[in-house]
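Written below as structure tokens is the structure these notes are about.
Quick note: the coordinates plus some simple rules give every number you see, no bench work behind them. Values in this document were obtained by computation on a predicted structure and should not be read as measured data. Quick reminder, even Gly has a Cβ in these numbers, built from the backbone with ideal geometry, and neighbours come from all protein chains shown.
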Amino acid sequence: MSIENEKQQVTVVDIKMPFMSMVIFMVKLAIASIPAFIIISVVFGVLAAIFGGIFHGMGMMGRY
């Protein structure tokens, strides 16, 4: 039996972190999420424009 195939379960009981350190971490996390939100918004905007154009064009087929 190899060591790689055995499953090991770990339970995290406590994380000791000073309050100010946690506040700084959360502020950094919030600031780091802004560029990610902008990138995701651009990607979804492009996809919405593509699919909106496709489905709008499909709706116009019967009118001509």
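Want the number for HIS56 to ALA36: 0.36 nm per residue separation, take away the alpha-carbon distance, what's left?
Stretched out fully, the HIS56 to ALA36 stretch lengthens by 4.2 nm.
With all distinct Cα pairs included, what does the Kirkwood hydrodynamic radius of segment 1-60 come out to in Å, to one decimal, could you say?
16.9
If the label point is 7 Å along Cα→Cβ of VAL12, which residues in segment 26-40 have backbone nitrogen under 15 Å from it?
From segment 26-40, the list is 26.
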